[in-house]
Structure formats: structure tokens, C-alpha cells
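Here the structure comes first, spelled out in C-alpha cells, and everything after it is commentary.
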Amino acid sequence: MSTMSQRSHVTDSEAWRVVGRLEGGQTQAEVAQAIGVSQSVISRIWNRFLETGSAGRRPGQGRRRATTPNEDRYLVLTARRHRNMNATLLQQHLRSATGTTVSTQNVRNRLHGVGLYPRRLMSHFSVHPDNRRIFIWSDRGSKNNLAFVHESVRFGGGGVLVYGGISIDGRTDLYIIRDGPLTARRYRDEILRPIVVPFAAAIGDDFILMDDNSRPHRANLVEDSLFEEGILRTEWPACSPDMNPIEHIWDALGRRVAGRQPPPQTLQELERALLEEWDRIPQLVINSLIDSMPQRCSTLLAVRGNHTPY
């Protein structure tokens, strides 16, 4: 019986699928067998993704490109995180972030190079149809992927606000924030005291809280509460989401919920899906993202606080 021959390389679009499989909980050995390459190839792709935020290979020599590899990664990551952002908006974001001006065709070429193509967003109707022409950047062959189906249900007003914390070899329960916005008092009473404080006590003296600079987090009563509990927190520069590894977890959680069959139809179903998929995210993925923090800091220093590929 013949066995599948192993390749020594993969295309950029295959590399991104490798990352998706690993984030979904498959082992490197399982992915290697499914793709038909050696496990060392899968390991290199995963390490490259953790270090640079990109799964694609570096471009070779040839005609000078209008964008640098870092700018290419920025375009790809922005398009993947905001799939309904058209080429013109991506062009403007790139100019704002890096000062580089390229044509919209250059933007499309960079995205086509990793297998991203603009397609009309399919609509899944359950209450009110939405016939607006919405285009997203999607991977070749993903036309019917539920991750790219637009849910047009009117949930009675808005989505679901959640809170969750991650650490090496652990995570908090996912908390659903209901009945209005998250104020500083609610943050202290519903999250810090019942969730963060016990979690910090279980970890011990090594615990340092990494939240962000949103107003509820930085209110005086929150600062006072943390001081009383003896909890240290990370000081954040303004507008620095690149520094927080949990942003990748939120992205993975969203993709897992979007890929459920059938997809959530109501707020209650959405909440249940979020809680279930949060618990199913492999801890290995969380650990890897946290381990990438030294590289994130080095990258941020290298670009003097500008945007990074993370």
C-alpha cells in the first residue's frame, strides 16, 4: 500500500489554513498528516505565526515591491480581522499606520497573494432580510464557509459583551455582561471581586493583571480596589492592542462560534455558544500566545510604538 509523499513546503494559503487548524485544537502531527507535509514544516509555520503574526513565506528577490514584508503582514492581518473593509479603506489604514501610499490594486495583489479574494457576503435570513451588498475578504474555496455567512437576525438590540481572563495553564470562566454598559462600579463588583481576585489568589505572588486603558478599568474606585487587594497591574501605553495576546483569543473564539452548525439564532443561543467554545479553546494555544510577549515587546520597541504585525 502506498503512502502519501511528504512535501517540503506549502503555499501561503495552505500556511494560513495550518494556523487555523492549530488554533482549532488539532495537534501538529494531525495537521501534518492532513496537509501531507512533515511535522517540522508545521512547526516552522506555527513559530513564524507566533513571532511575526504572518503564516506566509518571505517574498524572494525580484522587482522592488511597493510595500515591505511588514506592511504586507499589516494589510493581511487587517483584512482578516476586518473582512468587510474594502481595498480603499485598507489603503488608507496602511498610509495612516506606516506613511506608505500604494494603489488599491497593490492592496488587492498583496491579499490575492495569500489567497484572499473579495466576495459578496452571503445572508442567512431568519427574521429580517438584509439585501445590502456587503463584500468581505475570504479565502479561495470558502464561499459556503459559515464563518463568512452574515447573520441578519435582529437580536432585539446589539450583541453580547463578555469578559474573560487567560494565564499560563489557566483561564477564568467567561462572564456575560448583561443589563447595560460596563461601568467602573460594575467592573469592580461583578468582575474584579468575584473573578479576578480569586484567580489572582490561586496563582499567587506572580500574578500581574493585564487589562487595558478603557475608562471603567482606570477609574479611581477600581485603582483603590486593586490597591486594597494587593494586585499589581501592567501599565499600558495609549492605544496598544498589539500588546495584548488575548486579542488573538477573541478572534479564535469568534471564528469558533461562527463555525457552529447550526449557527446561533438568538441572544440566548449566542451566549451559550460563547460559553461552550470558550472552554474548548486549547490551553496550548493560550500558552503559546502568552509566551510570545517578549517578542511582542521587542517588536513594539523596534517600531517605536507604531503598529506591529500582532
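So how many residues does segment 174-194 have that are under 26 Å from SER288 (Cα atoms), under 23 Å from the mean Cα position of the chain (by Cα) and in contact (Cβ under 8 Å) with a residue 24 or more places away in the chain?
Within segment 174-194, residues that are under 26 Å from SER288 (Cα atoms), under 23 Å from the mean Cα position of the chain (by Cα) and in contact (Cβ under 8 Å) with a residue 24 or more places away in the chain number 3.
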Next on the checklist: Restricting to segment 268-293, give me the number of residues that are touching a residue at least 40 places away in the same chain (Cβ under 8 Å), open to solvent by less than 40 Å² (accessible area, probe 1.4 Å) and among the acidic types (Asp, Glu).
Outcome noted: 1
Next on the checklist: Looking only at segment 160-178, filter to residues that are open to solvent by 60 Å² or more (accessible area, probe 1.4 Å) and not in a strand (DSSP E or B); which one of those is modelled with the highest pLDDT?
Outcome noted: ASP173
Item to check | Residues that are part of a loop (DSSP other than H, G, I, E, B) and open to solvent by 60 Å² or more (accessible area, probe 1.4 Å), drawn from segment 69-88 | outcome: HIS82, ASN84, ASN86
Checklist entry - Just to be sure, is LEU221 over 23 Å from the mean Cα position of the chain (by Cα) and either assigned to a loop (DSSP other than H, G, I, E, B) or modelled with pLDDT of 90 or more (or both)? => result yes
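The values are calculated or read from the model by the stated rules, or taken from the named source; none is laboratory data. Only a predicted model underlies this, so the values are computations on that prediction, with no experimental measurement involved. Because the Cβ atoms are built from the backbone with ideal geometry, glycine has one as well, and the counts that use them run over all protein chains shown. The protein model used for the area step is the full one, side chains on, heavy atoms only, and it has no ligands, DNA or RNA in it. Shrake-Rupley method; radii C 1.70, N 1.55, O 1.52, S 1.80 Å.
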